[in-house]
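The values are calculated or read from the model by the stated rules, or taken from the named source; none is laboratory data. All values reported here derive from a predicted model rather than from experimental measurement. Glycine also receives a Cβ, built like all others from the backbone with ideal geometry; neighbour counts cover every protein chain displayed. What goes into the accessible areas is simple: the full protein's heavy atoms, side chains included, and nothing from ligands, DNA or RNA. Shrake-Rupley method; radii C 1.70, N 1.55, O 1.52, S 1.80 Å.
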Amino acid sequence: MAGNAGGQGSSGDQPKERDRRITDVGTLKALAHPLRARLMRALTLARAATASQLAEQVDEAVSLVSYHLRKLAEHGLIEEAEPRSADGRERWWQPASDGLSIHDEDFRDAPEKAAAHAAASRLFFDQRSGMYRRYLDERAHWSPEWTTAAESSESVLRLTAAELAELTAELRALARRYQELGRAADAAGDTEGRENVALHTDAFPFRT
């Protein structure tokens, strides 16, 4: 199983490593913490932020957010960013890479690693599900254009493992194309009518 965690997004003016692959248990466990995963997503959306700004978004104390940001930085998941304001009293942070990827083959060779990967996958799925439940709760407040464009569907396919791998690669490439389209529009100042959009995919084998 392969997947992206914490969302994807540009994280500053300089090009970043794309879809950094997490291969060690320590880094995986550092990310697979409920608050840290939320902070990574918030930081990806903001591109750069301070602990105070992030604390307001996640409704936690600044001291607690600062602690967890330092833990993420210790594992190279985030890094200090250039200050976006004249106030130099607080650090600015940004994601250290343009997206993260986690692959089953990197964690299946030992029970402890497999258990850590399973726990992380459940956390990320639960948080993604929570995002969609929030959308359902708030759907009446979105315009008809957005609710018509939104999508939730299930397709049951008969595939080989190689065909599933090809399908998921095509889906990632398509998502990346639209991601870069949105970034280019933002950079050009074309922000009218643009919102954050979450695209979640889960592709897995099952037997009846």
Does Glu154 qualify as being surrounded by 13 or more Cβ atoms within 10 Å (Cβ to Cβ) and part of a loop (DSSP other than H, G, I, E, B)?
no
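Could you identify the single residue in Ala184, Ala116, Ala198 that is open to solvent by less than 80 Å² (accessible area, probe 1.4 Å), of a type in the set (A, V, I, L, M, F, W, C), touching a residue at least 60 places away in the same chain (Cβ under 8 Å) and within 18 Å of Thr44 (Cβ to Cβ)?
From the options Ala184, Ala116, Ala198, the qualifying one is Ala198.
Is it the case that some residue within the range 75-91 is open to solvent by less than 30 Å² (accessible area, probe 1.4 Å), in contact (Cβ under 8 Å) with a residue 12 or more places away in the chain and either part of a strand (DSSP E or B) or of a type in the set (Phe, Trp, Tyr) (or both)? Steps first, answer last, please.
Looking only at the range 75-91, we keep the residues that are open to solvent by less than 30 Å² (accessible area, probe 1.4 Å), and these are 77-78, 81.
Retained after the next criterion (residues that are in contact (Cβ under 8 Å) with a residue 12 or more places away in the chain): 77-78, 81.
In the following step, the residues that additionally are either part of a strand (DSSP E or B) or of a type in the set (Phe, Trp, Tyr) (or both) were identified as 78.
Scanning the range 75-91 turns up at least one residue that is open to solvent by less than 30 Å² (accessible area, probe 1.4 Å), in contact (Cβ under 8 Å) with a residue 12 or more places away in the chain and either part of a strand (DSSP E or B) or of a type in the set (Phe, Trp, Tyr) (or both).
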Criterion (at pLDDT below 95 and in contact with a Gly (Cβ under 9 Å, 6 or more places away or on another chain)) met by exactly one of Arg47, Arg84
Arg47
Which number in (1) surrounded by 13 or more Cβ atoms within 10 Å (Cβ to Cβ); (2) within 22 Å of Glu17 (Cα to Cα) marks the one condition that Glu105 misses?
(1)
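With respect to Thr168, is the statement that it is within 26 Å of Pro15 (Cβ to Cβ) and part of a helix (DSSP H, G or I) true?
Against the criterion (within 26 Å of Pro15 (Cβ to Cβ) and part of a helix (DSSP H, G or I)), Thr168 qualifies.
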Please verify whether Ala165 is touching a residue at least 40 places away in the same chain (Cβ under 8 Å), over 23 Å from Ala49 (Cα atoms) and surrounded by 11 or more Cβ atoms within 10 Å (Cβ to Cβ), treating the condition exactly as stated.
no
For Gln179, which of the numbered conditions (1) over 20 Å from Arg41 (Cβ atoms); (2) touching a residue at least 24 places away in the same chain (Cβ under 8 Å); (3) under 23 Å from the mean Cα position of the chain (by Cα); (4) not in a loop (DSSP other than H, G, I, E, B) fails to hold?
(1)
Kindly provide the set of residues from the range 20-37 that are assigned to a helix (DSSP H, G or I) and either closer than 14 Å to Gly99 by Cα or hydrophobic (A, V, I, L, M, F, W, C) (or both), ordered by number.
Val25, Leu28, Ala30, Leu31, Leu35, Ala37
Condition (residue is aliphatic (A, V, I, L, M), out of contact with any helix residue (DSSP H, G or I) (no Cβ under 7 Å at 6 or more places or on another chain), surrounded by 14 or more Cβ atoms within 10 Å (Cβ to Cβ) and assigned to a loop (DSSP other than H, G, I, E, B)) applied to the range 47-59: is it met by at least one residue?
yes
